[in-house]
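Participant: To start, I am sharing the structure in question, which I have written as structure tokens.
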Amino acid sequence: MFNKSDKNPKLNMSFDFNEIFQDELLHIDTLGRDERYSNINRYPYQPTPYVILDKIIESGTLDNSRHLVDFGCGKGRVAFYLADRFDNIEITGIEEVKEFYHDAIKNRNKFAKKDMVHFINKSAEHYTVPTNADTFFFFRPFSISTMKQVIDNIFSSYIKNPRSIKLIFYYLTEEYIMFLSSIAGMTLTADIDCRDIMQKDDKRFRIFVYESSS
């Protein structure tokens, strides 16, 4: 089923056109894949597909969010798209690679609602999580060792200001799913299959949402 869709050039052209169209609509440049700065702890740059962001929005996951942090934000696509779609969500992008961070800043300078979007050039594990941040997004997360530190930082922020917290993940391996299921105080509240819209039969094309259980 999915293999047939994957071989359909019209479907792929439609997908690529949407990527280009949305970038142009937002006056930003986030297209492409960049492997120059990847290593064992950092995956290559690849923006979250717009159709995946639409799926997250349609699920209602972000309806009550006030401050979203995008870890490994790259050139800022998630921040710009969500800021364009929501009027009440502050968005902070964390990016360690200076080149991508500078690209995000360039994009921000051309973005209409720039006051809603902020970028910080820092490694994810060394970022101090604000006590008002309630939603955290990860696409192709870094290594599990780095994620453990990030989760610890999120819970340190939670202890200072108890609140509802959401962790949103896209494109997870089984190893990651097992790790996340072991985190005390977080409950899996959504598992959204995206294989149909991504036109590939790959179990990693799923969105997982974990929420604080208290």
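All of the numbers you see were taken from the coordinates with simple rules; none came from a lab. Note that the structure is a prediction, hence the values are computed from the model and not measured. No Cβ is skipped: glycine too gets one built from the backbone with ideal geometry, and neighbour counts run over all protein chains shown.
Participant: Based on a Kirkwood Rh over C-alpha pairs, give the Stokes-Einstein translational diffusion coefficient of the chain at 20 °C and viscosity 1.002 mPa s in µm²/s.
Facilitator: For the chosen part, D equals 121 µm²/s.
Participant: Please list, in chain and number order, the residues 5+ apart from I165 or on another chain whose amide H is under 5 Å from its amide H, with Hs placed from the backbone.
Facilitator: Excluding prolines and chain starts, which carry no amide H, the hits are S212.
Participant: What distance in nm separates the two pseudo spin-label positions at H27 and I105, each 7 Å out from Cα along the beta-carbon direction?
Facilitator: Those two pseudo-labels are separated by 1.9 nm.
Participant: Return the long-range amide H neighbours of R206 (sequence gap of 5 or more, or a different chain), with a cut-off of under 5 Å between placed amide H atoms.
Facilitator: Correct list: Y171, L172, C194.
Participant: For a quick check: with amide H placed at 1.01 Å from N, whose amide H comes under 5 Å from G93's, ignoring anything fewer than 5 positions away on the same chain?
Facilitator: D70, H118, F119, I120
Participant: Through the Karplus equation 6.51 cos²θ - 1.76 cosθ + 1.60, θ set to phi - 60°, convert the phi angles of segment 199-210 into ³J(HN,Hα) values in whole Hz; use x for Gly and Pro.
Facilitator: 6, 8, 8, 10, 4, 6, 7, 9, 10, 10, 10, 10
Participant: From the backbone phi of segment 56-63, what are the Karplus-calculated ³J(HN,Hα) couplings (6.51 cos²θ - 1.76 cosθ + 1.60, θ = phi - 60°) in whole Hz, Gly and Pro given as x?
Facilitator: 5, 4, 4, 6, x, 4, 9, 4
Participant: Which percent, to the nearest 5, of DSSP beta bridges fully inside the chain are antiparallel?
Facilitator: 40 percent
Participant: Would you mind calculating the relative contact order of segment 2-212 from Cα pairs under 8 angstrom and at least 6 residues apart, reporting the percent as a whole number?
Facilitator: Reported relative contact order: 19 percent.
Participant: Using 0.36 nm per residue, how much length does the chain from N18 to H126 gain when fully extended, once their Cα-Cα distance is taken away?
Facilitator: 35.4 nm
Participant: Starting at the first residue of segment 119-131, write each ³J(HN,Hα) from the Karplus equation 6.51 cos²θ - 1.76 cosθ + 1.60 with θ = phi - 60°, in whole Hz, x for Gly and Pro.
Facilitator: 10, 10, 8, 7, 5, 4, 6, 9, 7, 7, 6, x, 6
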